[in-house]
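Chemist: Encoded as structure tokens, here's the structure I'll be asking about.
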Amino acid sequence: MKIMDSIVSEAANIAALRRDIHAHPELCFQEVRTAEVVAKKLTEWGIPIHRGMGTTGVVGIVHGRDAGKCGRGVGLRADMDALPMQEFNRFAHASTQPGKMHACGHDGHTAMLLAAAQHFSNNREFDGTVYLIFQPAEEGGGGAREMIKDGLFEKFPMEAVFGMHNWPGAPVGTFAVSAGPVMASSNEFKITIRGKGSHAAMPHLGLDPVPVACQMVQAFQTIISRNRKPIDAGVLSVTMIHAGEATNVVPDSCELQGTVRTFSLEVLDLIEARMKQIAEHTCAAFDVRCEFEFVRNYPPTINSAPEAEFARQVMADIVGAGQVAVQEPTMGAEDFAFMLRAKPGAYCFIANGDGAHRAGYEGGGHDAGPCTLHNPNYDFNDALIPLGGTYWVQLATRWLNTPART
């Protein structure tokens, strides 16, 4: 494994920063303290910054030996926000904010990019500019979309943009990257069935929305099994059904909510259209009214092939080709998708280990629980900081030292 000495020598200091951020989690668009930590360090290292993009985003501007005059640029992105959940860990750097936790490793993503930034502050062996993108509000807020709306790619012209997420379960020292869809679109729906309430003993005097909802839930699954092409992935889950307040009353209305995940917009279009048809026609058949809402949150995350291959080659040179896995697509969603819709690029996974890195922490008990993403026992593995920082440096340096793509 070829880890850069300049990053290894500062890894303990960057890990301390990571743990400080972990102890002070902030939710989407509220990353004021985190952004201040990032901005302070970049400024201390002599890296110009732009603040306030996408509300709390920070962009560091690292010009190469030509002071950026050649006009070329590449973007490296890390997210900063935490999740609205209670942490179970009791180690020294556990969350000090009740109901808020870095359970997805964004504190570690920020730390790995800061490690690269510190190296770049003293080593700029490239022509062009590296843009260090510290993004807010990945967890449901669409911070990437908001930074783009604020002119991210106009103010900071770049040829490509790259992102990285830690992935628990695989051994530290491994990566995964592939071309094509790697994370799904995230979408939500709410369907309200308006009937007519009545006494439960006299249902013929009303219009019961509950059996209509049951018919609808069953029919939705035929979209996945009979309308969607079998090789095109798609998930439709009704996760909430709300109706009624008393056992002897037929309710006036019933509400269905849930989520849809796909790896392509074409499949998403099909599912949304068929859901609307089924909902409206089922309600019409039972003489009740239908209110259909479908919200598209994040599009699918789709890596462009040349950039994914470029990233794979960089990883292979650092850890060996056998340590770079095929990236298995996941139905989880990621708002880096917005950046990949605007620019070529690739989103990769860096292995976070099996959770054994927490064995020496004080507290015991809950600390021995699972270390999966969005779990109250999760913690980022600080051993990734030198590896992730090295990857960012090598990726950006090699990109800018390779002839521009046409």
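Chemist: Here are some conditions: (1) within 30 Å of C348 (Cβ to Cβ); (2) loosely packed, with under 13 Cβ neighbours inside 10 Å; (3) in contact (Cβ under 8 Å) with a residue 12 or more places away in the chain. V182 meets all but one. Which one does it not meet?
Modeler: Result: V182 passes all but (2).
Chemist: Something else about it: What residue, of R19, R90, R65, R33, is basic (K, R) and either within 23 Å of E154 (Cα to Cα) or outside the structural domain of G151 (by TED's automatic domain parsing) (or both)?
Modeler: So the residue among R19, R90, R65, R33 that is basic (K, R) and either within 23 Å of E154 (Cα to Cα) or outside the structural domain of G151 (by TED's automatic domain parsing) (or both) is R65.
Chemist: Restricting the search to region 47-106, which residues are acidic (D, E) and within 15 Å of V32 (Cβ to Cβ)?
Modeler: D81 - this is the single residue of region 47-106 that is acidic (D, E) and within 15 Å of V32 (Cβ to Cβ).
Chemist: Further, regarding this structure: Which of the residues spanning region 92-103 are within 13 Å of P376 (Cα to Cα) and either among the small types (G, A, S) or surrounded by fewer than 23 Cβ atoms within 10 Å (Cβ to Cβ) (or both)?
Modeler: Across region 92-103, the qualifying residues are A94, S95, P98, G99, K100, A103.
Chemist: Might you let me know whether region 253-261 holds any residue that is outside any strand (DSSP E or B) and either touching a residue at least 12 places away in the same chain (Cβ under 8 Å) or among the small types (G, A, S) (or both)?
Modeler: Among the residues of region 253-261, not one is outside any strand (DSSP E or B) and either touching a residue at least 12 places away in the same chain (Cβ under 8 Å) or among the small types (G, A, S) (or both), which makes the answer no.
Chemist: When the residues of region 310-329 are narrowed to those that are charged (D, E, K, R) and under 11 Å from C348 (Cα atoms), which ends up modelled with the highest pLDDT?
Modeler: So the residue we want is R312.
Chemist: Kindly indicate which of G140, G163 is crowded, with 19+ Cβ neighbours inside 10 Å, in contact with a Cys (Cβ under 9 Å, 6 or more places away or on another chain) and not charged (D, E, K, R).
Modeler: G163
Chemist: Could you list, ordered by first residue, the pairs with Cβ atoms under 6 Å in which the first is in region 25-39 and among the β-branched types (V, I, T) and the second is outside any loop (DSSP other than H, G, I, E, B), at least 6 apart or interchain?
Modeler: Cβ pairs passing all conditions: T34/I21; V38/V58; V38/F134.
Chemist: Right, another one. Cβ-Cβ distance below 8 Å, separation of 6 or more or different chains: which pairs start in region 44-58 with a residue that is modelled with pLDDT under 95 and end on one that is basic (K, R)?
Modeler: Sorted first by the residue in region 44-58, then by its partner, the list stays empty.
Chemist: So which residues in region 245-254 are out of contact with any strand residue (DSSP E or B) (no Cβ under 6 Å at 6 or more places or on another chain) and under 24 Å from M275 (Cα atoms), if there are any at all?
Modeler: Within region 245-254, just D252 meets the criteria.
Chemist: Follow-up question, since we're still on this one. Which one of A279, A337 is in contact (Cβ under 8 Å) with a residue 60 or more places away in the chain, out of contact with any Leu (no Cβ under 6 Å at 6 or more places or on another chain) and farther than 30 Å from Q215 by Cβ?
Modeler: A337
Residues checked against (1) surrounded by fewer than 17 Cβ atoms within 10 Å (Cβ to Cβ); (2) under 22 Å from E334 (Cβ atoms):
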| site | (1), (2) |
| --- | --- |
| V260 | no, yes |
| L265 | yes, yes |
| I271 | no, yes |
| Q277 | yes, no |
| E280 | yes, no |
| A285 | yes, no |
| V288 | no, no |
| E293 | yes, no |
| R296 | yes, yes |
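Chemist: Another question about this same structure. Looking for whichever is in a helix (DSSP H, G or I) and among the aliphatic types (A, V, I, L, M) here; the options are V238, V217. Which one fits?
Modeler: That would be V217, the only listed residue that is in a helix (DSSP H, G or I) and among the aliphatic types (A, V, I, L, M).
Chemist: Can you tell me which residues in region 45-54 are touching a Gly at 6+ places or on another chain (Cβ under 6 Å), part of a loop (DSSP other than H, G, I, E, B) and not small (G, A, S)?
Modeler: Of everything in region 45-54, just one residue is touching a Gly at 6+ places or on another chain (Cβ under 6 Å), part of a loop (DSSP other than H, G, I, E, B) and not small (G, A, S), namely I47.
Chemist: If you don't mind, another one. Check region 135-153 and report whether any residue there is in the same structural domain as L76 (by TED's automatic domain parsing), of a type in the set (V, I, T) and over 26 Å from I7 (Cβ atoms).
Modeler: Looking for residues that are in the same structural domain as L76 (by TED's automatic domain parsing), of a type in the set (V, I, T) and over 26 Å from I7 (Cβ atoms), one finds at least one in region 135-153, hence yes.
The values are calculated or read from the model by the stated rules, or taken from the named source; none is laboratory data. None of the values given here were measured: they were computed from a predicted structure. Here Cβ is always computed from backbone atoms with ideal geometry, including for glycine, and neighbour counts include all displayed protein chains.
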